[in-house]
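Here the structure comes first, spelled out in structure tokens, and everything after it is commentary.
The values are calculated or read from the model by the stated rules, or taken from the named source; none is laboratory data. As the structure is a computational prediction, the values presented were derived from the model and not from experiment. In this analysis, Cβ positions are derived from the backbone assuming ideal geometry, glycine residues included, and neighbour counts consider all displayed protein chains.
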Amino acid sequence: MRLSKYFLPLLKENPKEAEIASHRLMLRAAIIRQQAAGIYAWLPLGKRVLDKICTIIREEQDRAGAQEILMPTIQSADLWRESGRYEDYGKEMLRLADRQKREMLYGPTNEEMITDIFRSFVRSYKSLPLNLYQIQWKFRDEIRPRFGVMRSREFLMKDAYSFDSDEEGMRASYHRMFVSYLRIFARLGVPAIPMRADTGPIGGDLSHEFIILAETGESAVFCDKKYLSLPVPPANIDFADDKKLRHIVRQWTELYAATEEMHLETGAWAALPAGDRLAARGIEVGHIFSFGAKYSAPMGAVITGADGKNTPVLMGSYGIGPSRLVAAIIEASHDEQGIIWPRAIAPFSVGLITMKTGDKAGDALAESLYAELQQAGFDCLFDDSAERAGAKFAAMDLIGLPVQLIIGPRAAAQGEVEVKLRASGRREVLSAAAAVNFIKSFFA
Ligand code: ATP
Ligand code: MG
């Protein structure tokens, strides 16, 4: 993509309303634009990041056996009366009436609707386990929307729902999603730590929040430092091997990890050697929860078991917030100059800059590198504008592409280009061919 044709309305000034780095950088780098309180438009650069995150989530959810569907954002109030949540949900729910004065709502979550879909088709344990997921916009009229898309009113959610006929199956479904989440966050380039979450009146141990560590996180978190070096299950992990998955989950849950709501200063935390204790702040980016028959019982989603008995199907739900993730990743990965995208989700892999537009050798080298990179399958943002070099450097650092190729007139005359890594700041002058090879191995 040529910057001269790209819609990238960068902001020069720091927006006054932005209190934290990610919000500031997302506005300045033209990733989002606020349209109303807690409601944002995604601009081209941001849409690319959001799509890359969703692609990774899809690949890993599919790998774990989940199947993608798409449910509507607008739901009928009657469905929510069946579960009893229509009254309970309170003011976070955006309620509306259609022209026939039917009560409708913009979905804050989809347990009721998925239970309705399930009960209308599935009757037998033989059709289970089943896991259906979607990536869809949600609306919650948060009392204090803040920090941009970190806590917005409209936000994107990946929500998966599992169905099983017995406890053991429900546990296995939970483990599959747990392991899938470990892989998702590792691939995104920001490891998230699973922390025991409150299960409320349902009880049990099948609820975890996935937390990204960042200074501006809303919650204080406490965990064993060993989490930072635990191995993540490989791509060829067998999602049909329940025993293996159980073992991985045990490994990832036996170490101490708790958000402030669940944290106890005594016991396991106190027993940890001081050097192993990590007290930090964290951002919740995912939440998985098995809740058994909570919705299926009142809504009559009943299946016939192998023994011929009818029982409510046992369910779990598994959320990730891709739009919040964009902000959380920036919180965890930025510096004074701007964003530092992990390479898997960077909007473009390479930023190409000519220092002096109009210089014949420089322009020719840039054009040939641009063509070659595109042919090799790399998305490249080519700053072909006539801006001065300093402004181009600042813009590239702000938008945080992993690799920058900088072409100055002197080096260009020798067929050379400067390669700069955004994360480390490392710079090296290479021949054009060596630079392309470097990029190939960097992203391999
Ligand atoms: P929180 O405690 O932060 O309000 P939650 O417990 O209400 O989150 P869930 O209902 O578990 O969140 O939703 C699943 C995921 O959706 C969360 O882990 C988060 O990534 C995302 N999410 C929830 N609320 C918001 C929001 N207001 N803005 C952006 N993302 C959100
Ligand atoms: Mg909430």
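Taking strands (runs of 3 or more DSSP E) that do not extend beyond the range 340-444, which have at least 2 residues that are surrounded by fewer than 18 Cβ atoms within 10 Å (Cβ to Cβ)?
Once the strands (runs of 3 or more DSSP E) in the range 340-444 are filtered for at least 2 residues that are surrounded by fewer than 18 Cβ atoms within 10 Å (Cβ to Cβ), what remains is 416-421, 427-431.
So residue 432 passes all but one of these: (1) under 34 Å from the mean Cα position of the chain (by Cα); (2) in contact (Cβ under 8 Å) with a residue 60 or more places away in the chain. Which condition number does it fail?
So the condition that residue 432 fails would be (1).
Any chance the range 198-208 includes a residue that's touching a residue at least 24 places away in the same chain (Cβ under 8 Å), on the phi < 0 side of the Ramachandran plot, of a type in the set (A, V, I, L, M) and touching a helix residue (DSSP H, G or I) at 6+ places or on another chain (Cβ under 7 Å)?
Yes, the conditions are met somewhere in the range 198-208.
Select from the range 249-304 the residues that are charged (D, E, K, R), under 28 Å from the mean Cα position of the chain (by Cα) and not in a strand (DSSP E or B) and list them in ascending order. Talk me through it step by step, then tell me what you get.
Of the range 249-304, the ones charged (D, E, K, R) are 250, 254, 260-261, 265, 276-277, 281, 284, 294.
After this cut, where a residue has to be under 28 Å from the mean Cα position of the chain (by Cα) as well, the list is 250, 254, 260-261, 276-277, 281, 284, 294.
Across the range 249-304, the qualifying residues are 250, 254, 260, 261, 276, 294.
So the check is Cβ under 8 Å with 6+ separation or different chains; which pairs have a first residue in the range 139-162 that's more than 13 Å from residue 91 (Cα to Cα) and a second one that's within 7 Å of ligand 1 (Cβ to nearest atom) and assigned to a strand (DSSP E or B)?
Matching pairs, first to second residue: 145/151; 149/155; 157/319; 157/320; 158/319; 158/320; 159/319; 160/319.
For residue 173, which of the numbered conditions (1) touching a helix residue (DSSP H, G or I) at 6+ places or on another chain (Cβ under 8 Å); (2) hydroxyl-bearing (Ser, Thr, Tyr); (3) away from ligand 2 (no atom under 16 Å from the Cβ) fails to hold?
Among (1) touching a helix residue (DSSP H, G or I) at 6+ places or on another chain (Cβ under 8 Å); (2) hydroxyl-bearing (Ser, Thr, Tyr); (3) away from ligand 2 (no atom under 16 Å from the Cβ), the lone unmet condition for residue 173 is (1).
Name the single residue, out of those in the range 118-151 being under 15 Å from residue 296 (Cα atoms) and of a type in the set (Ser, Thr, Tyr), that is surrounded by the most Cβ atoms within 10 Å (Cβ to Cβ).
For the range 118-151, the residue satisfying everything is 125.
What number of residues within the range 186-203 satisfy the criterion of being within 16 Å of residue 259 (Cα to Cα) and among the basic types (Lys, Arg)?
Final tally of qualifying residues: 1.
Can you spot a residue in the range 49-65 that is surrounded by 14 or more Cβ atoms within 10 Å (Cβ to Cβ), within 16 Å of ligand 2 (Cβ to nearest atom) and not charged (D, E, K, R)?
no
Out of 125, 133, 89, I need the residue that is within 16 Å of ligand 2 (Cβ to nearest atom) and not charged (D, E, K, R). Which one?
Exactly one residue qualifies, and that residue is 89.
How many of the residues making up the range 92-114 are within 15 Å of ligand 2 (Cβ to nearest atom), small (Gly, Ala, Ser) and surrounded by fewer than 17 Cβ atoms within 10 Å (Cβ to Cβ)?
0
Would you pick out the residues in the range 133-170 that are more than 11 Å from ligand 1 (Cβ to nearest atom) and in a strand (DSSP E or B)?
Matches in the range 133-170: 133, 134, 135, 136, 161, 162, 163, 164.
Among the hydroxyl-bearing types (Ser, Thr, Tyr), out of contact with any Cys (no Cβ under 9 Å at 6 or more places or on another chain), within 16 Å of ligand 1 (Cβ to nearest atom) and more than 30 Å from residue 123 (Cβ to Cβ): is that true of residue 323 in this structure?
Spelling it out, residue 323 is indeed among the hydroxyl-bearing types (Ser, Thr, Tyr), out of contact with any Cys (no Cβ under 9 Å at 6 or more places or on another chain), within 16 Å of ligand 1 (Cβ to nearest atom) and more than 30 Å from residue 123 (Cβ to Cβ).
For the range 30-110, give me every one of the strands (runs of 3 or more DSSP E) that falls completely inside it and has 2 or more residues that are within 30 Å of residue 16 (Cβ to Cβ).
In the range 30-110, 32-36, 39-42 are the strands (runs of 3 or more DSSP E) which contain 2 or more residues that are within 30 Å of residue 16 (Cβ to Cβ).
Taking only pairs six or more apart or across chains, which ones have beta-carbon atoms under 8 Å, a first residue in the range 167-194 that is not assigned by TED's automatic domain parsing to the domain that holds residue 326, and a second residue that is surrounded by fewer than 24 Cβ atoms within 10 Å (Cβ to Cβ) and not in a helix (DSSP H, G or I)?
Final answer for the pair search is none.
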